[in-house]
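Just so you know, all these numbers are worked out from the coordinates, no wet-lab data involved. What you are looking at is a predicted structure, and each value in this text was computed from that prediction instead of being measured. All Cβ positions, even for glycine, are placed from backbone atoms using ideal geometry, and neighbour counts span all protein chains on display.
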């Protein structure tokens, strides 16, 4: 941030008194501008043995497949945001299930949170951010066309857990250029 969003004066990068990180600070009005992670929330909507995926109509990753997800809005719970994103991107009504994955993506200042979900019906349709929505069985998943590593990781955990007959909560970190560090919370 080069200019203060409060007063418009230039900012300088420095460690403010009492802090331990470099921040954009306004020397005119004293505002300290914090940059915090942005939560991305979504679902793994299931109908029988198939999972609903959306083909992206926006950048980044235009034309690639993803689970319905997006940025959480102020005033929402993570669950409310996941329900909203699923309806907006896939036109899908769901029964929201438990937390399934939480994946830190620090190089883009994000945390991706996915919930298991059951489709209420098959009356879904592409929203404005999707070119197409479709149900896929595990062997039909277009793995080379998945938009984000967080979605690939979530789907792989989902199918492995389903095969095992027991679902856990999966916590990971994806760092640019580094293989994912994986861990599972106790069941």
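Quick look at the numbers
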quantity: Between helix 149-164 and the chain: long-axis angle, C-alpha atoms, 0 to 90°, nearest 10; calculated: 40
quantity: Residues 55, 163, sorted so that the one with the fewest Cβ neighbours within 10 Å comes first; calculated: 163, 55
quantity: Fully extended contour minus Cα-Cα distance, from residue 49 to residue 125, at 0.36 nm per residue; calculated: 25.4 nm
quantity: Angle between the chain longest axis and helix 78-90 axis [Cα atoms, degrees, rounded to 10]; calculated: 60
quantity: Fluctuation leader among 171, 15, 35 - the chain, Gaussian network, Cα springs under 10 angstrom; calculated: 15
quantity: Alpha-carbon Rg with Dmax, taken over the chain, Å; calculated: 19.1, 60
quantity: Prolate/oblate/rounded call for region 105-182, Cα gyration tensor, a/c under 1.5 rounded; calculated: oblate
quantity: Mean residue ellipticity (222 nm) of the chain, computed from DSSP H runs ≥ 4 via -39,500 (n - 2.57), nearest 500; calculated: -5000 deg cm²/dmol
quantity: Cβ-Cβ FRET estimate between residue 33 and residue 58, R0 fixed at 22 Å, reported to 0.05; calculated: 0.20
quantity: Peptides 136-146, 67-77 ordered by average Cβ neighbours within 10 Å, highest first; calculated: 67-77, 136-146
